[in-house]
Amino acid sequence: MASPLLRGFILGFAIAASPGPIFFLCLRRTLARGWSSGVVAGLGVATGDGTYAALAAFGVGAVTSVLVGQRRWLGLIGGVVLLGLGLRAVRARPVSQEPLSGSAAGGLAASYLSTLALTLTNPATIIAFAAVFAGLGLASAGSVLPATILVAGVLIGSASWWVVLATVAALARARVTPAVIQGISIASGLAIAAFGGLAIISAISRV
């Protein structure tokens, strides 16, 4: 059987690579601000994935149950934020291929915190980790070290996916015209807004 680190890596990479609004958000940030912004945004997602993996791995059922029970409000909050980010992206000025300037640190911090918050308010992330860990019998049964290694694998796997995505997007950014980048940015913004709208509708209609 694969080691806990390898299993966690595969799980984290697979869940992170699932198509969704964060994919388009990190893609747009890489195209607009460069590789470092995309990677830092991805690390925010990986941190959120690692947080929920830890809750699932250590069998913190009460906390997970509360979060799942509040998925309507979490989905509504996340949906509103995504809708706002998407509309803002569509209305933004043409992106520049210049690297980040003096305010880079603040911009990177904002990128990290915003994607972390969106991941933590995404009910699908909570349910995915809880279901996968329970279904595969990965929850801790008093074995702290294997569970810790498993969570570390999830964190590394998720982070690796976002590094790959940011690297590919940054290479494309250096080879296409600003007009093409702007078109992709607008399309990404529309996709983000659409995901946000769907999340809001789903949250409102959930009984």
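Assorted remarks:
- GLY137 vs. criteria within 30 Å of PRO4 (Cα to Cα), at pLDDT below 75 and either surrounded by 15 or more Cβ atoms within 10 Å (Cβ to Cβ) or not hydroxyl-bearing (Ser, Thr, Tyr) (or both): yes
- In the set (1) under 21 Å from the mean Cα position of the chain (by Cα); (2) of a type outside the set (Lys, Arg); (3) modelled with pLDDT under 80, the condition left unmet by ALA159 is number (3).
- Only one entry of ALA199, ALA194 meets the criterion of being in a helix (DSSP H, G or I) and buried (at least 16 other Cβ atoms within 10 Å of the Cβ), and that entry is ALA199.
- The lone exception for ALA130 - which of (1) within 22 Å of VAL45 (Cα to Cα); (2) surrounded by fewer than 18 Cβ atoms within 10 Å (Cβ to Cβ); (3) at pLDDT below 75 it fails: (2)
- Checking every residue in segment 174-191 against the condition of being buried (at least 17 other Cβ atoms within 10 Å of the Cβ), at pLDDT 75 or above, basic (Lys, Arg) and farther than 15 Å from PHE23 by Cβ gives zero matches.
The values are calculated or read from the model by the stated rules, or taken from the named source; none is laboratory data. From a predicted model like this one, the values you see are computed outputs, not experimental measurements. Note that we place each Cβ from the backbone using ideal geometry, even for glycine, and neighbour counts take in every protein chain shown.
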